[in-house]
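Everything below concerns the one structure shown next.
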């Protein structure tokens, strides 16, 4: 993220318990726009790849805001037909459709090109969904729930894999690297899990996800995890008031386990573990409190965090120092969306 990038090339939005969404200038910390997100906190947000919409997920609804129309404080597309909280949301790479996961146990594929949200497909996992992520191949959605399970839903056919990560844990967040080779997950006990994806798993008749490593990342509740755009770093956040940055080269040193295809596994005993893992950076400041969300800059040199102290922060990974603070919310910031990619 360079300081001379124009404001329309760099987008930052934060959502809070105060039921507002704020748009910021990332470089000078100025709040550019405030929109109301009534009747709910913001659970998750995502900027569409074409940078036309900001999608916000909350209790029983999804709302899409026009990013470019600063005169309109209201969502331009709304769906209020879901019975419980929406906890995860994302876009297909060409902005043709969206996906969501929620506490009702459903992962949904939405078509929104007609300026309204229509459900195209659904998959029910039977437990509240905390997080889901579309694979870069655009054909598989990975889903994680409160019972410690990760599911690989192949949109071309039936569910391909159900994997029980560990006993008595809730998977709080998952992410997939840009290369589509690794999946990371964090749980409510502060553990981080690393998987690799098996290429050509259909031809090889094996499971898509292969467990690689489990390590203790945080002393308290894990909240979020994200890979850097260049796939060299993994950042994890927690209720222990930190954001930790790990080198992915240090997280995949062990041999891959083989597991059989398509069935449900209880895999609690097969994890390779590494003790005393040390992050390459630990981003922490006084009174930061819970760190709910994060985003990397496109050059993988900076991280923005969202915290329970009502503030978002821009950090230099190299120095571990705060470069900018975004101050204005009246409640904990639970979600952020950031984009500084160039559009052709």
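The values are calculated or read from the model by the stated rules, or taken from the named source; none is laboratory data. On a predicted model such as this, the values are computed, not experimentally measured, just so you know. Ideal geometry is used to build each Cβ from the backbone, glycine not excepted, and the neighbour counts take in all protein chains shown.
Quick check on residue 90: is it out of contact with any helix residue (DSSP H, G or I) (no Cβ under 8 Å at 6 or more places or on another chain) and either crowded, with 19+ Cβ neighbours inside 10 Å or not in a loop (DSSP other than H, G, I, E, B) (or both)?
yes
Among the residues of the range 62-78, which ones are in contact with a strand residue (DSSP E or B) (Cβ under 9 Å, 6 or more places away or on another chain) and either surrounded by fewer than 19 Cβ atoms within 10 Å (Cβ to Cβ) or at pLDDT below 90 (or both)?
66, 70, 72, 73, 74, 76, 77, 78
Of these, 312, 298, which one is within 21 Å of residue 54 (Cβ to Cβ), crowded, with 16+ Cβ neighbours inside 10 Å and out of contact with any strand residue (DSSP E or B) (no Cβ under 7 Å at 6 or more places or on another chain)?
None of the others qualify; the one that does is 298.
State all residues of the range 178-195 that are under 15 Å from residue 249 (Cβ atoms) and surrounded by fewer than 18 Cβ atoms within 10 Å (Cβ to Cβ); if no residue qualifies, say none.
Passing the criteria: 179, 181.
For the range 22-34, name all the residues that are crowded, with 21+ Cβ neighbours inside 10 Å and not in a loop (DSSP other than H, G, I, E, B).
22, 24
Can you tell me which condition residue 218 does not meet? The list is (1) in contact with a strand residue (DSSP E or B) (Cβ under 7 Å, 6 or more places away or on another chain); (2) under 23 Å from residue 137 (Cβ atoms); (3) in a loop (DSSP other than H, G, I, E, B); (4) modelled with pLDDT of 95 or more, and all the others hold.
Unmet for residue 218, out of (1) in contact with a strand residue (DSSP E or B) (Cβ under 7 Å, 6 or more places away or on another chain); (2) under 23 Å from residue 137 (Cβ atoms); (3) in a loop (DSSP other than H, G, I, E, B); (4) modelled with pLDDT of 95 or more: (2).
In the range 132-164, what count of residues is obtained for those that are in contact (Cβ under 8 Å) with a residue 40 or more places away in the chain, in a loop (DSSP other than H, G, I, E, B) and either touching a strand residue (DSSP E or B) at 6+ places or on another chain (Cβ under 6 Å) or farther than 20 Å from residue 226 by Cα (or both)?
2
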